[in-house]
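A short worksheet on the structure shown next.
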Amino acid sequence: MTKRDRTIAVVLAHGKAQAAVLRHLPVWQENAKLVVFFTPEDDPLDLPGCTQFSMGKSDGYSAHTNNRCREALRFASWALMDYVLLIEYDSVVFGPIPEQFYPEPGEVTAPKFTVPPGERCPGRSIIFEGSQFLHFPILFSMSACERTVEEMDKMSSWAEGGLTDRYVGYAVERANLRVVDLWRSGIVYTKNIIGADMIDEAINAVRAGARWHHGIKDRDVFERMSAAARELPSMPS
Amino acid sequence: MQAVRFLMRVYTYFHPVPQIDFLEECKLHALWKRSWMDSEFIPMTLTHQAAEAHPRFAEFDAKIRGFPSINPAGYDVACWHRWLALAVLGGGLMVDYDVIARAFSFEMLQFPNPVTILDRGGVPCAVYATAEGAEQIVSDILSFKHEHDGKHYSDMFFFQARGYPREETVTLPFGHPDWQRAPAVHFSHSDTGRERPNKFRSVVVWHEMFKPFLAERADKAEAGLLDPTKDVPVQAAA
């Protein structure tokens, strides 16, 4: 049994992202044997044949998004697997996850951002409490996933203003979990949105070995990046 | 002075069977665990390792492997083995992982008999046994005069034929007129398939059992009415 066979991917998505979800689904299935979607009740995906759990409202940066993330991780932590890949609909890992990046028990693998505590959220009256946040995809060992959920249960549903990457990062920080920071690995190229103006830079990053990405919303960006990824010698075509 | 809550274990038995959709079973298991934790039980998943720790495993295994089965290889063996595992753990509440708790309380488990089936049809989807009762189940399976048609014989037939006492209101099958008021609901393949055709059982369980509860909780959280801290000390009792 491979590590992929022992991985569950939980995808945070919504109906308006349907097209991106359909594009990215085969990539996620390459990373994880079991893929489950968590979506808002008022904006679900139309995905016959896939497992989708809907809850809460479609309300970006709110208690609903935090709650959905927490329930997704809770579900995953009890699904009889060894690893949990937490994914936003615009994040992918092209190709199989390299063996060396699977976390040990109690560890989390992700691109980590370190920030000063007490930072103010631009344009909003939110002061962040955490001193780190994590970009998606985030790979948890099962024990780290359980500890993160335990910590989330102690936190307000409004923690970090409902910004999910901040919320997860802060919970991981409070749980004292070691983060295997991928920034030094050379396999990360991540932005909030990889726009058309960044595509050349993104493709160059992929050709240099990047395969762990967040911010892919556009079809053209995805197709060009995935084509570049398939040219890599270690990637299946 | 802080209150101390006493938690009780609930067991299920899991053994992957190649012809049965492992991924769907994983999803159901996750929801099973969630539901029993919400009812303040400690859910524990037992495997063949617990069954094999029973001193009469070899004798028991030889006996039950002689029974015919129409199910995929290994399925009914696992069903039989779980009673060994329960005895090894000293008895308690053993449920299938498609028995989902709604508002179950350990106070409901005050029965006068060592073995009680918590199903009106005598289906052993939920069984409560004392330590002596769990050993009695093992002894009964070994000594019972099992009668079958030569095609299929499962632990369900045994429990029904043996006639252990039943408690009929604690667990109800999904689709029963009163299922929405039952402390626990059994989402069997047949009932779920009949009531919600062509749906994953896990998705049915989520929609019927979790979504309403989570929606209420989310609304409270959004309104700032939910205290997220849970600082009550917890102590295991069984």
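What follows is calculated from the coordinates using simple rules that are stated; it is not laboratory data. What you see is a predicted model, and the numbers here were worked out from it, not measured in a lab. Virtual Cβ from ideal backbone geometry, glycine too; neighbours counted across all protein chains shown.
Please build a GNM for chain B, connecting alpha carbons under 10 Å apart, and tell me which residue among B:GLN49, B:GLN136, B:GLN180 fluctuates the most.
Ranking B:GLN49, B:GLN136, B:GLN180 by mean-square fluctuation puts B:GLN49 first.
According to the Cα gyration tensor, what semi-axes, each the square root of 5 times an eigenvalue, does the equivalent ellipsoid of segment B:116-161 have, listed from largest to smallest in whole Å? Please report the intermediate quantities before stating the final value.
Details: eigenvalues 74, 43, 8 Å².
Equivalent ellipsoid of segment B:116-161: 19, 15, 6 Å, largest first.
Where does each of A:GLU107, B:GLU52 land when they are ranked from fewest to most other beta-carbon atoms within 10 angstrom?
Details: A:GLU107 17, B:GLU52 14.
Least crowded to most crowded, the residues run B:GLU52, A:GLU107.
Report, in whole Å, the centroid distance computed from the Cα atoms of segment A:133-181 and segment A:8-32.
Result: 21 Å between the Cα centres.
Top mean-square fluctuation among A:PRO44, A:PRO103, A:PRO122, Gaussian network model of chain A, C-alpha springs under 10 Å?
So, out of A:PRO44, A:PRO103, A:PRO122, the one fluctuating most is A:PRO122.
What is the Cα radius of gyration of segment B:1-94 over 2.2 N^0.38 Å, N being its residue count? Please list the in-between numbers first.
On the way: Rg = 15.6 Å, N = 94, 2.2 N^0.38 = 12.4 Å.
Ratio of Cα Rg to 2.2 N^0.38 Å: 1.26.
Report, in deg cm²/dmol and to the nearest 500, the calculated mean residue ellipticity at 222 nm for chain B, where each DSSP H run with n ≥ 4 adds -39500 (n - 2.57) and the sum is divided by the residue count.
On the way: 9 runs with 89 residues, N = 238.
It comes out at -11000 deg cm²/dmol, rounded to the nearest 500.
Residue-wise, which Karplus ³J(HN,Hα) couplings in Hz belong to segment A:206-213, taking 6.51 cos²θ - 1.76 cosθ + 1.60, θ = phi - 60°, and x for glycine or proline?
Those phi angles translate into 4, 5, 7, x, 6, 8, 10, 10 Hz.
Sum up the charges of everything whose Cβ sits under 13 Å from the Cβ of A:LYS3, counting Lys and Arg as +1 and Asp and Glu as -1, but leave A:LYS3 out. Display every interim value, and only then the final one.
On the way: positive: A:ARG4, A:ARG6, A:LYS33; negative: A:ASP5, A:GLU30, A:ASP82, A:GLU99, A:GLU104.
Within the 13 Å Cβ shell, the charges total -2.
Using θ = phi - 60° and the Karplus curve 6.51 cos²θ - 1.76 cosθ + 1.60, what whole-Hz ³J(HN,Hα) does each residue of segment B:100-105 get, with Gly and Pro shown as x?
Going residue by residue, I get 9, 7, 10, 8, 8, 10 Hz, with x marking Gly and Pro.
Name the residue, out of A:ALA19, A:ALA159, A:ALA210, whose mean-square fluctuation peaks in a Gaussian network model built on chain A with Cα pairs under 10 Å.
A:ALA19
Show log10 I(q)/I(0) for segment A:1-150 at q = 0.15, 0.17, 0.19 Å⁻¹, two decimals, from a solvent-free Debye sum over equal Cα scatterers.
Log10 of I(q)/I(0), two decimals: -0.80, -1.01, -1.23.
For segment A:105-183, compute Rh as the Kirkwood radius over C-alpha pairs and then the Stokes-Einstein diffusion coefficient at 20 °C and 1.002 mPa s; write the answer in µm²/s, rounded to an integer. Don't skip to the end; give the middle numbers.
Numbers: Rh = 12.5 Å.
Translational diffusion coefficient: 172 µm²/s.
Restricting attention to segment B:13-85, which trypsin sites (Lys or Arg not before Pro) occupy a DSSP loop and are surrounded by at most 12 other Cβ atoms within 10 Å?
Numbers: sites: B:LYS27, B:LYS33, B:ARG34, B:ARG56, B:LYS63, B:ARG65, B:ARG82; in loops: B:ARG56, B:ARG65.
Of the trypsin sites (Lys or Arg not before Pro), the ones in loops of segment B:13-85 whose Cβ has at most 12 other Cβ atoms within 10 Å are B:ARG65.
Considering only the other residues whose Cβ falls under 12 Å of the Cβ of B:TRP179, what net charge follows from Lys and Arg at +1 and Asp and Glu at -1? Show your work: numbers first, answer last.
Working: positive: B:ARG102, B:ARG120, B:ARG181; negative: B:ASP178, B:ASP191, B:GLU195, B:GLU208.
That works out to -1.
Taking the alpha-carbon centroid of each part, what is the distance from segment B:52-118 to segment B:14-47 in angstrom?
15 Å
Can you compute 3J(HN,Hα) from phi for each residue in segment A:99-116, using the Karplus curve 6.51 cos²θ - 1.76 cosθ + 1.60 with θ = phi - 60°, rounded to whole Hz and x for Gly and Pro?
3, 6, 9, 6, x, 6, x, x, 10, 10, 10, 5, x, 9, 10, 9, 9, x
I need to check one value: relative contact order of segment B:43-89, counting alpha carbon pairs closer than 8 Å and at least 6 residues apart, in percent.
Over segment B:43-89, the number comes to 64 percent.
Over the Cα atoms of segment A:119-235, what Rg and Dmax result, in angstrom?
Taking only Cα atoms of segment A:119-235, I get Rg and Dmax of 16.4, 47 Å.
Can you tell me, using C-alpha contacts under 8 Å and at least 6 residues apart, the relative contact order of segment B:143-196 as a whole percent? Intermediate results must be reported in sequence, preceding the final value.
On the way: 34 pairs, mean separation 13.3, N = 54.
It comes to 25 percent, rounded to a whole number.
Give me the distance between the Cα centres of segment A:189-237 and segment A:37-57, rounded to whole Å.
27 Å
Sort A:LYS112, B:LYS151 so the one with the fewest other Cβ atoms within 10 Å of its own Cβ comes first.
Numbers: A:LYS112 20, B:LYS151 8.
With the fewest neighbours first, A:LYS112, B:LYS151 line up as B:LYS151, A:LYS112.
Need one number for the protein assembly as shown: average projected area of the convex hull over its C-alpha atoms, nm².
Working: hull surface 100.9 nm².
About 25.2 nm², averaged over all directions.
Which whole number gives the average count of other chain Cβ atoms within 10 Å of the Cβ atoms across peptide A:188-197?
Working: counts 0, 0, 0, 0, 0, 0, 0, 0, 0, 0.
Going residue by residue through A:188-197 and averaging, the value is 0.
Any idea what the relative contact order of segment B:107-158 is, in percent, if you count C-alpha pairs under 8 Å spaced at least 6 apart?
Over segment B:107-158, the number comes to 29 percent.
Any chance you could list the semi-axes, whole Å, largest first, of the equivalent ellipsoid that the Cα gyration tensor gives for segment B:142-209, using √(5λ)?
They are 29, 17, 9 Å, listed from largest to smallest.
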